[in-house]
Amino acid sequence: MPRAGVASTTPAFRDGGSEGTAACPRCETVRVSKPNLPTVIEVMAEYGGTVLWNRSPAPNSSSYQIDPADLGVSSTLGTRLSAWNDHWQVMAYRGALESPGSAEVTAWTRDGLDLAFDVQHELDALGHDIDVRYHHDDDPRPLRERRGP
C-alpha cells in the first residue's frame, strides 16, 4: 500500500527502452509525489545518513530530511550520496575536517559538488522544478545558476 502523500510506484527506464519484466535490469522503480515536492533542497553531509535537506522557503512537508528515493533519485545516485556522507563521518571522527585545505577534504568537497550536480540533473530529467544547493563550498547559488559537469 502506498504511503500517504506518495504516488504509487511507477517504472522508469534508464535507457529509454520499453517495459520489461520485474527482473529487467534496465528498469528502476521510483517514488514521486509532485504535490509534496520541495522547491529547494540542499546537499549537506550530516551524522545519521541524511544528505538531502528541504530548504524550501515555505516547506510543504513537516520533514526537513529528504529520502532521495522520495524524489525519484536513482538508487545508484542514492548509494553514492550515502558513501560520500559516510566518508564525511569518518573524516569528522578522525578530526580531518579541522584541516579544510587538505587533499582529502578538498577531494571530498569536489566529489560532493559533483554529486549535487548529478542530483540536479536527475531531478531536471524527471521534470521536477527543484533548485539544488550545495552546502560545503562558498558559493550559495543554486546549481542551475552554476552549471557544472
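Assorted remarks:
- Which numbered condition VAL30 misses (of (1) crowded, with 18+ Cβ neighbours inside 10 Å; (2) at pLDDT 70 or above; (3) not hydroxyl-bearing (Ser, Thr, Tyr)): (2)
- Residues of segment 87-127 that turn out to be under 19 Å from PRO38 (Cα atoms) and surrounded by fewer than 12 Cβ atoms within 10 Å (Cβ to Cβ), as a count: 2
- Set side by side, the residues GLY95, GLY101, GLY72, GLY78 differ, and just one is on the phi > 0 side of the Ramachandran plot and either of a type in the set (A, V, I, L, M) or free of Cβ contacts under 8 Å to residues at least 24 places away in the same chain (or both), which is GLY95.
- The residue pairs whose first member lies in segment 123-149 and is under 12 Å from GLY112 (Cα atoms), whose second member is of a type in the set (Ser, Thr, Tyr), and whose beta carbons are closer than 6 Å, counting only pairs six or more residues apart or on different chains, are HIS136/THR109.
The values are calculated or read from the model by the stated rules, or taken from the named source; none is laboratory data. The structure displayed is predicted, hence computed values, not measured ones. Here the Cβ is made from the backbone with ideal geometry for all residues, glycine too, and neighbour counts use every protein chain on show.
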